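The values are calculated or read from the model by the stated rules, or taken from the named source; none is laboratory data. All of these numbers come straight from a predicted model, not from anything done at the bench. Every residue, glycine as well, gets a Cβ built from its backbone with ideal geometry; the counts of neighbours run over all protein chains shown. All accessible areas refer to the heavy atoms of the entire protein, side chains included, with ligands and DNA or RNA removed. Shrake-Rupley method; radii C 1.70, N 1.55, O 1.52, S 1.80 Å.
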Amino acid sequence: MSAGPRLKWLEISPDYRCNNRCLGCFSVSDSGDSMSGREILSFLELGKRRGASKLWLGGGEPTLRKDLLPTIRTARKLGYTDVKLQTNGMLLAYPEFVQKLRAAGLTDVSFSLKGADSEIHDRLTATPGCFDLLLRGIETSKQAGLRLEGDVLLYRSSAARLPELIERFFHLGLQRFNLWLLSAVGNPDPEVLAEMPRITEVMPYILAAIDLKLSSRADFITSLHTPPCTVPRSHAQCRFHAAELGLLVGNPGGYHFMLEESPIEGGEFFARCASCSLRSQCGGVRQDYIDRFGGEEFQPP
């Protein structure tokens, strides 16, 4: 594994197993490549050598890993001050498991949110009963003293209820939210393409969620996959530039890349972007988005 830019975050996705079957997600494989304990340790050591102090455990569903607790303990021994678990929250409904995670050194939980209620959430996860377990997992994690946030995947059919989702989960104890737009990278399924939200359609709901003014945190709502030219200056606090996160992603097989290099984050620009005053803060547009909707939305301010 080669050296590179100094890091703030290391994200490890040890495998792609999951107990959900979310529409449009590629991390639903019960077989395939999987990191060994040695490979996980190699990534943890690489992250420390390059300056990372924060660890993000993703997947797949990381709570299915039998080595989750040892991984967290090793990370803390190596000096990671923050260890975040990105999860659907189902197994966190069980207090004994959460207490073990806390004792191992877990500091943060980021819950994957698909909808404001069980009808939407369970439909998009294709997992009946998932929403109720999620709610229990949030309460159990809050009682354990963990910091909580939400990763909201926006679908065309669920976007209108984003303000309701943000308000509900904020009052349940989540302190901030990352908004992701459904991607069709590597997945040309017509159902997925139909559920991809257009930025001009979803932006009013993002702005309405911000305008609830539930928190004074500058990072209360962060909107990924919406280039800065699509976000009004009045709501610029939700803009996101992947390169500023300083995050290295590690996947099975030793494959690793900086977040801003991922096709899911953007990467495509138009000739008119060269003169944009926001160019240095922009990671570009996803190619799958351009293929689906074109590029007329993206105009220099």
Name the residues in the range 140-189 that are surrounded by 15 or more Cβ atoms within 10 Å (Cβ to Cβ), acidic (Asp, Glu) and part of a helix (DSSP H, G or I), would you? GLU164
Going through (1) touching a Gly at 6+ places or on another chain (Cβ under 9 Å); (2) closer than 20 Å to PHE220 by Cβ; (3) in a loop (DSSP other than H, G, I, E, B) one by one, ALA116 fails only at (1)
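Could you say which residue among LEU106, LEU124 is touching a Cys at 6+ places or on another chain (Cβ under 8 Å) and surrounded by 21 or more Cβ atoms within 10 Å (Cβ to Cβ)?
Sole residue among the options that is touching a Cys at 6+ places or on another chain (Cβ under 8 Å) and surrounded by 21 or more Cβ atoms within 10 Å (Cβ to Cβ): LEU124.
What is the residue count in the range 5-20 for residues that are hydroxyl-bearing (Ser, Thr, Tyr) and open to solvent by less than 30 Å² (accessible area, probe 1.4 Å)?
Filtering the range 5-20 for residues hydroxyl-bearing (Ser, Thr, Tyr) gives 13, 16.
Then drop every residue that is not open to solvent by less than 30 Å² (accessible area, probe 1.4 Å), which leaves 13.
Residues meeting the conditions: 1.
Answer yes if at least one residue in the range 194-204 is in contact (Cβ under 8 Å) with a residue 40 or more places away in the chain, over 29 Å from GLY294 (Cβ atoms) and open to solvent by less than 10 Å² (accessible area, probe 1.4 Å), and no otherwise.
First pass over the range 194-204, keeping only residues in contact (Cβ under 8 Å) with a residue 40 or more places away in the chain: 195-202.
With over 29 Å from GLY294 (Cβ atoms) added as a condition, the list becomes none.
No, there is no match, as no residue in the range 194-204 is in contact (Cβ under 8 Å) with a residue 40 or more places away in the chain, over 29 Å from GLY294 (Cβ atoms) and open to solvent by less than 10 Å² (accessible area, probe 1.4 Å).
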Would you pick out the residues in the range 257-301 that are open to solvent by 50 Å² or more (accessible area, probe 1.4 Å) and either polar (S, T, N, Q) or touching a strand residue (DSSP E or B) at 6+ places or on another chain (Cβ under 6 Å) (or both)? GLU268, SER275, SER277, SER280, GLN281, GLN287, GLN299
Which residues, counting only those in the range 235-265, are part of a helix (DSSP H, G or I) and farther than 18 Å from SER183 by Cβ? HIS235, ALA236, GLN237, CYS238, ALA243, GLU244, PRO252, GLY253, GLY254
Of the criteria (1) at pLDDT 95 or above; (2) surrounded by 19 or more Cβ atoms within 10 Å (Cβ to Cβ), which one SER216 fails: (2)
